[in-house]
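Q: For reference, the structure I am asking about is given below.
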Amino acid sequence: MNKETVTRFKFFWAHQDREQEAWLRAMAQQGLYLENVTPLCVWTFRRGAPRDLVYRVDFGQADDGFSQLMEDAGWKLATTCTGWYYWCTPATQGREPEIFTDRASKIQKFQRLLLMLVCSAVPAFMLLITTDKGSLASKLSTFSLVLISSIYLVYFLVLAYTVLRLLLRIREERAPESA
């Protein structure tokens with residue numbers, strides 16, 4: 001491993017954008033700046049002098065106009081990963097700038113993510129309902145059937161949990177602010 005970089009494994013659920021942002025800021029305050037993240041939750045950081053950088057996580061806004069808007073507003077794209085965009089900018093006097101200044105934009109971020117999750121689940125669901133289970137059961141061992149069934153069960157449980165948590169985040173964003 002390169003002494004200039006540090007690798008960490010850290011898992012976040014799709015609805016945990018605030019937790020990711022806080023963790024990335026804490027890493028920057030320790031002198032570790034996000035350089036890359038993989039779909040398997042392996043985070044690579046570049047070493048440097050500690051700074052107070054604010055990170056913001058967005059999903060699915062890949063057009064050049066949005067990127068240019070972000071850069072014009074002082075944000076730098078740290079990295080991307082399977083539709084996720086990690087933006088950073090220095091904190092000014094301890095303040096944390098936002099990339100979403102209204103609730104509707106935050107809600108749209110979670111709606112884009114929900115749409116992607118549902119669309120990506122359609123092929124697995126179609127395969128499940130169109131497969132001839134009797135024929136499959138006669139061709140596979142009990143172990144194979146249990147393994148395939150377990151994989152499908154875990155996949156759909158994780159999908160259901162993620163969709164539910166994203167719907168709750170949308171509901172939270174729609175709720176009126178407390179005085």
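Q: What do you get for the angle between helix 17-29 and the principal long axis of the chain? Use alpha-carbon atoms, 0 to 90 degrees, nearest ten.
A: Taking the Cα atoms of the chain, the angle to 17-29 is about 50 degrees.
Q: Out of all Cα-Cα pairs in segment 5-90, roughly what percent, to the nearest whole number, are more than 15 Å apart?
A: 56
Q: Sticking with this one: Which net charge results when you count Lys and Arg as +1 and Asp and Glu as -1 among the other residues whose beta-carbon is under 15 Å from that of residue 48?
A: Once positives and negatives cancel, what remains is +3.
Q: Starting at the first residue of segment 139-145, write each ³J(HN,Hα) from the Karplus equation 6.51 cos²θ - 1.76 cosθ + 1.60 with θ = phi - 60°, in whole Hz, x for Gly and Pro.
A: Once rounded to whole Hz, the list reads 9, 10, 6, 4, 4, 4, 4.
Q: Round to the nearest 10 and give me the degree value, 0 to 90, for the angle of helix 103-130's Cα axis relative to the longest principal axis of the chain.
A: Between helix and principal axis, roughly 20 degrees.
Q: State, as an integer percentage, the relative contact order of segment 5-90 based on alpha-carbon contacts under 8 Å between residues 6 or more apart.
A: 29
Q: Here is a further query. Suppose we take every Cα in the chain and form the convex hull; what volume per residue is that in Å³?
A: Spelled out: Cα convex hull of the chain, divided by residues, is 165 Å³.
Q: May I pose another question? For residue 132 and residue 105, calculate 0.36 nm times their separation in residues minus their Cα-Cα distance, and state this gained length in nm to one decimal.
A: Extending this stretch completely gives an extra 5.4 nm.
Q: Along segment 75-80, what does the Karplus equation 6.51 cos²θ - 1.76 cosθ + 1.60 (θ = phi - 60°) give for ³J(HN,Hα), rounded to whole Hz, x for Gly and Pro?
A: Couplings: 8, 10, 6, 6, 5, 10 Hz.
Q: What number does segment 1-46 give for Rg over Rh if you use C-alpha atoms and the Kirkwood radius?
A: Using Cα coordinates only, the ratio equals 0.96.
Q: What does the highest-first list of 8-15, 93-100, 23-30 look like by mean Cβ count within 10 Å?
A: 23-30, 8-15, 93-100
Q: Right, something else. Counting Lys and Arg as +1 and Asp and Glu as -1, each charge on the Cβ, what is the dipole of the chain about the Cα centre in debye, to the nearest 20?
A: On the way: 21 positive and 18 negative charges, 112 e Å.
Charge dipole, the chain, about its Cα centre: 540 debye, nearest 20.
Q: Applying 1/(1 + (r/R0)^6) with R0 = 35 Å to the Cβ-Cβ distance of residue 174 and residue 150, what FRET efficiency is obtained, to the nearest 0.05?
A: 0.45
Q: Over every pair of different alpha-carbon atoms in segment 103-174, take the mean of 1/r and invert it; report that Kirkwood radius in Å. Mind showing how you got there, number by number?
A: Numbers: mean 1/r = 0.0704 Å⁻¹.
Hydrodynamic radius (Kirkwood, Cα pairs) of segment 103-174 is 14.2 Å.
Q: Apply the Karplus parameterisation 6.51 cos²θ - 1.76 cosθ + 1.60, with θ equal to phi minus 60°, to every residue of segment 85-94 and state each ³J(HN,Hα) to the nearest whole Hz, in sequence, with x for glycine and proline.
A: So the Karplus estimates, Gly and Pro as x, are 10, 10, 9, 9, 7, x, 6, 10, 6, x Hz.
Q: Would you mind calculating the relative contact order of segment 76-179 from Cα pairs under 8 angstrom and at least 6 residues apart, reporting the percent as a whole number? Could the numbers behind the result be given before it?
A: Working: 32 pairs, mean separation 30.7, N = 104.
Contact order relative to length: 30 percent.
Q: Near the amide H of residue 12, under 5 Å away, which other amide H atoms are found, from residues 5 or more places off or on another chain, if H is placed in the peptide plane?
A: The list, which skips near neighbours in sequence, is empty: none.
Q: Over the chain, what relative contact order in percent results from Cα pairs under 8 Å that are six or more residues apart?
A: 19
Q: Another question, then. Roughly how far apart, in whole Å, are the Cα centres of segment 1-40 and segment 69-119?
A: Result: 16 Å between the Cα centres.
Read the figures in this text as sums done on the coordinates, not as results from a lab. The structure presented is a predicted model; accordingly, all values stated were derived computationally and were not measured. FYI the Cβ positions are ideal-geometry reconstructions off the backbone, even for glycines, and counts take in every protein chain you see.
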